[in-house]
Amino acid sequence: MFNIRLKELRKENKYTQKQLAAMIGCDQSMIVRWEKGECEPTASAIKKIAIVFEVTSDYLLGLED
């Protein structure tokens with residue numbers, strides 16, 4: 001669920017993977033891997049992503065709508 005919500009939010013906000021990576025302080029390759037569902041982000045990365053998109057971490061993880 002995280003990978004789907006991340007990609008949807010990024011596209012809705014018109015951010016490239018590179019832009020989002022710069023905003024949260026990680027490499028673009030991590031955004032690619034998260035969106036493909038190849039790996040899971042750390043708790044600190046989830047928190048940064050939630051702040052950027054002004055959503056809860058529970059939303060990102062699919063625990064709430």
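Structure above, values below:
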item: Hits among aspartates and glutamates - C-alpha to C-alpha of Lys18 under 14 Å, sequence gap 8 or more where chains match; result: Asp27, Glu35
item: Cα→Cβ-extended label distance, 7 Å offset, between Lys47 and Gln19, nm; result: 2.6
item: Portion, in percent, of the accessible area of the chain that falls on carbon or sulfur, probe 1.4 Å; result: 50
item: Distance (nanometres) between label positions extended 7 Å along Cα→Cβ at Gln28 and Asp58; result: 3.6
item: Å² per residue, accessible surface of the chain at 1.4 Å; result: 64
item: Correct choice for mean projected area of the Cα convex hull in nm² that was computed from the model, options (1) 3.7; (2) 5.4; (3) 5.0; result: (1)
item: Estimated inter-spin distance, Lys36 and Glu12, nm [label 7 Å along Cα→Cβ]; result: 2.5
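The values are calculated or read from the model by the stated rules, or taken from the named source; none is laboratory data. Please read these numbers as outputs of a predicted model, since none were measured by experiment. Please note: Cβ atoms are built from the backbone with ideal geometry, for glycine as well, and neighbour counts cover all protein chains shown. Calculation scope for accessible area: heavy atoms of the full protein, side chains included, ligands and nucleic acids excluded. Shrake-Rupley method; radii C 1.70, N 1.55, O 1.52, S 1.80 Å.
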